[in-house]
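To keep things clear, I will list the structure first and then write my remarks on it.
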Amino acid sequence: MNELITQSVFYEIALLLVVAAGVGLIGHLLRQPLIVSFIVVGILVGPAGMDIVRSGEHIELLAQLGIALLLFLVGIKLDVKLIQSLGVVSLMTGLGQVAFTSIIGFFIALALGLDPVTSLYVAVALTFSSTIIIVKLLSDKREVDSLHGRIALGFLIVQDIVVVFAMIVLSALGVGGQEDAGVREILTVLLAGIGMLALVLVFIRWIANPLTAILARSPELLISFGIAMAAMFAAAGDMFGLGKELGGLLAGVALASTPYREAISARLSPLRDFLLLFFFIGLGSRLDLSLLGENVPAALIFSVFVLIGNPLIVVVIMGLMGYRKRTGFLAGLTVAQISEFSLVFMAMGVTLGHVTNEALGLVTLVGLITIAASTYMITYSHRLYPLVEPLLGPFERRNGKTVEESDGADAKKKYDVILFGLGRYGGAIAQRLLRKNISTLGVDFNPVAVRLWREQGLDAIYGDLTDQEFVSGLPLASAKWVISTTSDHDTGITHEDNRVAMIQTLRKAGCQSKIAVASQRGVGADRLKAAGADLVLEPFQDAADQAVALLAAPKEPERLEPPPDEGQQDISPG
């Protein structure tokens with residue numbers, strides 16, 4: 001088999017896809033996150049397993065394209081005003097987490113008997129979180145647009161900048177520790193960042209809309225242009241030391257103001273998922289299990305520190321800044337693992353002779369443990385939160401309103417309808433209810449949707465329908481109906497249905513209102529009614545029924561009036 005694989009890259013990629021599909025199917029049947037399954041595929045096909053990976057450079061190329069597309073699709077949905085409003089919390093949280101992890105991690109390493117230089121390397125490596133893995137998980141859970149998703153993306157970008165500077169320092173040490181070389185590299189990165197940002201602003205102001213309007217005449221050309229933008233900016237970011245992630249993100253921001261961003265995003269999402277498969281396979285195949293040695297006890301200690309300590313500092317910082325404990329918890333889970341860059345950072349240290357292969361094996365094992373564990377923690381975050389919620393009370397501001405509650409609806413105001421989901425379908429329902437003078441409170445998990453509704457003078461607040469604490473604070477007593485128009489949420493990642501969770505949460509909060517939920521795909525109506533729904537809305541079926549009723553309705557024959565004679569005078573009275 002290995003001889004056949006070496007004859008053609010195509011045979012190798014074909015075999016990798018077959019193995020990935022098989023392991024992914026087994027993981028799906030066992031209700032395991034696909035990311036974990038794909039990393040397992042990488043380990044199976046890597047040196048520690050079947051050792052069939054011969055074209056690492058080709059896999060890396062596909063993986064890098066996937067990374068560029070992933071961040072491109074995140075950037076294409078970013079709102080500039082939202083970036084400005086979340087910039088402070090992202091900066092404070094990102095820097096605070098890096099400082100906390102590196103300082104405490106350094107002393108833990110010393111206590112475990114590591115020398116100071118190795119302790120410093122390990123401590124810095126523990127501060128890096130995987131932007132690619134986190135964004136992929138949030139995308140699969142449809143939480144990139146949520147408040148905690150936006151904040152998490154912000155401090156992950158801050159971490160990426162820290163990674164850039166850490167790599168620059170090591171590069172300077174690699175050329176003999178020349179201080180001038182390090183300063184020049186830092187200035188180059190800063191100037192490149194300013195230049196790329198200026199280019200994006202110019203593109204948005206004068207080029208984006210007219211250019212995409214021309215490209216949109218051919219959908220295939222528009223998609224090709226989107227891929228080219230993502231690859232070009234990612235390459236430029238990598239060339240100037242900013243990293244492919246920041247480059248791809250800026251490419252998406254450059255097209256975020258165009259009216260075609262949703263079409264581009266929808267077309268490129270399947271390609272992104274396919275290419276990212278090779279990233280996870282490559283990550284797993286690079287894990288050298290032979291280096292693990294006797295590092296298991298120390299790796300477990302560091303893993304517990306990363307899995308608990310990193311989220312905790314995020315909760316503390318966000319609590320001090322006025323965010324609710326649930327938002328802090330969900331955002332904090334995104335830093336509960338170390339990054340693939342942690343392994344690269346340690347490998348550079350080995351090359352420079354600063355640390356040994358045993359230290360690299362230690363960080364490798366910490367990476368395996370934390371990536372796997374945090375994937376489950378993020379995937380099932382909404383189930384995990386009620387278990388730890390009683391412990392998070394001290395980290396939430398007790399006096400005054402939190403940031404999320406600082407504006408929007410009056411808590412004492414009474415509403416006839418509370419509507420979860422302000423998308424197209426939910427927004428249409430809300431508009432028609434308001435036309436009939438039915439007071440309606442809109443609730444959405446997307447802060448952009450909430451802001452747009454508030455700008456129109458309508459009552460809307462940010463919140464999650466599965467958060468029992470948030471739901472219990474809503475004016476449920478006066479509401480005749482509670483409606484959820486959120487889409488069916490039974491993906492291959494979480495296998496959860498948020499509509500059932502909402503019904504259960506409402507009933508636990510003592511809600512006596514009637515509950516209506518939407519079933520976009522027209523499935524699960526019996527399950528929703530069994531869970532306690534009074535009405536199941538099926539938008540497509542309901543629209544079809546109404547259309548048929550209009551088409552089949554008997555029409556009265558129209559009475560044709562003869563055209564008036566031009567010479568005839570009007571003799572009607574008055």
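The values are calculated or read from the model by the stated rules, or taken from the named source; none is laboratory data. Just so you know, these numbers come straight off a predicted model, no measurement behind them. Cβ coordinates were reconstructed from backbone atoms using ideal geometry, including for glycine residues, and neighbour counts include every protein chain displayed.
You will find that of Phe100, Phe107, Phe165, the residue that is surrounded by fewer than 18 Cβ atoms within 10 Å (Cβ to Cβ), among the aromatic types (Phe, Trp, Tyr) and at pLDDT 90 or above is Phe107 and no other.
Let's see how each residue does on (1) under 17 Å from Leu138 (Cα atoms); (2) crowded, with 23+ Cβ neighbours inside 10 Å; (3) assigned by TED's automatic domain parsing to the domain that holds Asp160:
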residue	(1), (2), (3)
Ile301	no, no, yes
Val306	no, yes, yes
Pro311	yes, yes, yes
Leu320	no, no, yes
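Of all residues in the stretch 357-370, at least one satisfies being within 19 Å of the chain's Cα centre (by Cα), at pLDDT 90 or above and either among the β-branched types (Val, Ile, Thr) or assigned to a helix (DSSP H, G or I) (or both). Which ones in the stretch 431-489 are surrounded by fewer than 20 Cβ atoms within 10 Å (Cβ to Cβ), part of a loop (DSSP other than H, G, I, E, B) and aliphatic (A, V, I, L, M)? Once the filter is applied, which keeps residues that are surrounded by fewer than 20 Cβ atoms within 10 Å (Cβ to Cβ), part of a loop (DSSP other than H, G, I, E, B) and aliphatic (A, V, I, L, M), the stretch 431-489 yields Ile438, Leu458, Leu476, Ala477. The single condition among (1) surrounded by fewer than 23 Cβ atoms within 10 Å (Cβ to Cβ); (2) among the small types (Gly, Ala, Ser); (3) within 18 Å of the chain's Cα centre (by Cα) that Gly94 does not meet is (1).
Which residues, counting only those in the stretch 375-427, are assigned to a helix (DSSP H, G or I) and modelled with pLDDT under 80?
Step one: of the stretch 375-427, the residues assigned to a helix (DSSP H, G or I) are 375-379, 381-395, 403-405, 424-427.
Listed by number, the residues that qualify are Val403, Glu404, Glu405.
Taken across the stretch 500-507, residues that are among the basic types (Lys, Arg) and modelled with pLDDT of 85 or more do not occur at all.
Comparison of Ala543, Ala509, Ala547 shows that the only residue that is touching a Ser or Thr at 6+ places or on another chain (Cβ under 6 Å) and either surrounded by 15 or more Cβ atoms within 10 Å (Cβ to Cβ) or in the same structural domain as Asn498 (by TED's automatic domain parsing) (or both) is Ala509. The lone criterion from (1) part of a helix (DSSP H, G or I); (2) closer than 25 Å to Phe278 by Cα left unmet by Arg142 is number (1). The combined condition, being under 26 Å from the mean Cα position of the chain (by Cα) and either modelled with pLDDT of 90 or more or not in a loop (DSSP other than H, G, I, E, B) (or both), is not fulfilled by Ile186.
Residue by residue, here is whether (1) of a type in the set (Gly, Ala, Ser); (2) within 21 Å of the chain's Cα centre (by Cα) holds:
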residue	(1), (2)
Ala192	yes, no
Leu211	no, no
Met239	no, no
Ala254	yes, yes
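Of all residues in the stretch 214-234, exactly one satisfies the criterion of being touching a residue at least 24 places away in the same chain (Cβ under 8 Å) and surrounded by fewer than 16 Cβ atoms within 10 Å (Cβ to Cβ), namely Pro219.
Somewhere in the stretch 240-260, is a residue over 27 Å from Val158 (Cα atoms), touching a residue at least 24 places away in the same chain (Cβ under 8 Å) and surrounded by fewer than 18 Cβ atoms within 10 Å (Cβ to Cβ)? Even if it seems obvious, please write down each step before you answer.
Start the filter on the stretch 240-260 by keeping residues that are over 27 Å from Val158 (Cα atoms), which leaves 259-260.
Those left that are additionally touching a residue at least 24 places away in the same chain (Cβ under 8 Å): 259-260.
Now drop any that are not surrounded by fewer than 18 Cβ atoms within 10 Å (Cβ to Cβ), which leaves 259.
Among the residues of the stretch 240-260, at least one is over 27 Å from Val158 (Cα atoms), touching a residue at least 24 places away in the same chain (Cβ under 8 Å) and surrounded by fewer than 18 Cβ atoms within 10 Å (Cβ to Cβ), which makes the answer yes.
When we screen Leu61, Leu73 for residues that are free of Cβ contacts under 8 Å to residues at least 40 places away in the same chain, within 22 Å of Leu283 (Cα to Cα) and in a helix (DSSP H, G or I), the only hit is Leu61. Close Cβ contacts (under 7 Å, 6 or more residues apart or on different chains) running from residues in the stretch 143-164 that are under 25 Å from Asp238 (Cβ atoms) to residues that are among the aromatic types (Phe, Trp, Tyr) comprise Gln159/Phe128; Val163/Phe128; Val163/Phe341.
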